[in-house]
Amino acid sequence: MKKISFMALTAIMAISMASCNQARPPKAELKTDLDTLSYTLGAQLGDQVKNSNMLSDRYHLDSTYYSEFLRGVNEAFRAADDKKKLAYFVGLQVGSDLSSQYLSEVEKIYFFDGDTTKTFSRDNFLSAFYDVFYGNKPLVEQEAMQKLFTTFNMTMRQKAPAYEEAKQAAEMEKEFGENRKAGEKFLEENKKKEGVQTTPSGLQYKVLKAGTGKVPTTEQTVKVEYEGRLIDGTVFDSSKNHDDGTVSFPLNGVIPGWTEALSMMPVGSEWELYIPQELAYGSRNTGQIKPFSALIFNVKLLDIVEK
């Protein structure tokens, strides 16, 4: 759970120098070098705030209301030396973070595997928040609250890993989902081509040269030549990059698509493999190979390495 930092909150206000009054910006007068530097700082930092993901991702700000955002920036920025006004604006910021970051995130985790329409009571939350600051007697006994909070923390710790995994998966799908779609389309069309065979797992292969040697088991080590390509033809790896142009590896120590294919290949065979993303690197990002990428390999099985 992210902690709310007072310094982070005030820093956001301090750097947001692009301001306006009732949606109208103050008039700039560039009479001195210092005036120009002030304007330059405002332009640079305003650009950082506007074009970062902070406003949309952190604060869920609708760009339709930029004028109201700028009005708030102006008032808060000018209140830096007014302790009363500063307290109010810091309260606005803390209240916004408590609702949009803390409580909303807590709801997502706490109700992760239940009714997603359930929410915590903002009124009850704020009532207790006020009671703490004013020193009022709480409506719930301290011992009961402590037991409830302990149970709550245990529930959050239990649910948080699954929630974070689902959240990351959703983010990955949003960013790289097109790779999955492109791979699925490629494989659907590829399986119809002459000579291409498909296994129950979804692995596709084409025999370019039939070998006559032994077929390795998954516990053995093999020696191969290979070239790996993305479905757009980009070569991302090749045994030619190694000292003698070959690579040896335990058959159970590579991606599932390779393990399955090579455990069917007699020594001396050359196959072209078309590997679905779930039998390749899945959601992992390995540099040139982006998450959910289907892969193509040309593989020659040269030998089984005897121990």
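Assuming charge only on the beta carbon of Lys and Arg (+1) and of Asp and Glu (-1), the dipole of the range 78-206 about its Cα centre is about 220 debye to the nearest 20.
Taking the C-alpha atoms only, the angle from helix 6-15 to the longest principal axis of the chain is near 90 degrees.
Suppose every K and R has +1 on its Cβ and every D and E has -1 on its Cβ; what is the size of the dipole of the chain about the Cα centre, in Debye to the nearest 20? Numbers along the way, then the final one.
Working: 37 positive and 42 negative charges, 96 e Å.
Dipole about the Cα centre, nearest 20: 460 debye.
Residues Met145, Met172, ordered by accessible area of protein heavy atoms at a 1.4 angstrom probe radius and largest first, appear as Met145, Met172.
Using heavy atoms of the protein chains and a probe of 1.4 Å, the accessible area assigned to Lys167 is about 70 Å². The C-alpha atoms of the chain define a longest principal axis, and helix 66-78 lies at about 60 degrees to it. Extension gain, Lys85 to Thr150, is 19.7 nm, computed as 0.36 nm per intervening residue step minus the present C-alpha separation.
Among the protein heavy atoms of the chain, carbon and sulfur supply 54% of the accessible surface, probe 1.4 Å, non-protein parts ignored. Local charge for Asn298 was computed over the other residues whose Cβ lies under 14 Å away, with Lys and Arg +1 and Asp and Glu -1, and equals 0.
The label point for Leu45 and the one for Tyr65, both projected 7 Å from the Cα toward the Cβ, are 2.4 nm apart.
Seen against the Cα atoms of the chain and their longest principal axis, helix 142-190 is set at about 50 degrees. What the range 195-274 shows is 49 Å² of accessible area per residue, with the surface traced by a 1.4 Å probe over protein heavy atoms. Distance between the pseudo-spin-label points of Ser56 and Gln288 (7 Å out from Cα toward the beta carbon): 3.2 nm.
A 1.4 Å probe over all protein chains sorts Leu251, Leu230 by accessible area into Leu230, Leu251, starting with the largest.
The values are calculated or read from the model by the stated rules, or taken from the named source; none is laboratory data. The model shown is predicted, which means the values in this text are computed figures rather than measured ones. When we count neighbours, we look across all protein chains shown, and the Cβ atoms used for this are built from the backbone with ideal geometry, even at glycine. We work out accessible area using only protein heavy atoms, side chains counted, and drop any ligands, DNA or RNA first. Shrake-Rupley method; radii C 1.70, N 1.55, O 1.52, S 1.80 Å.
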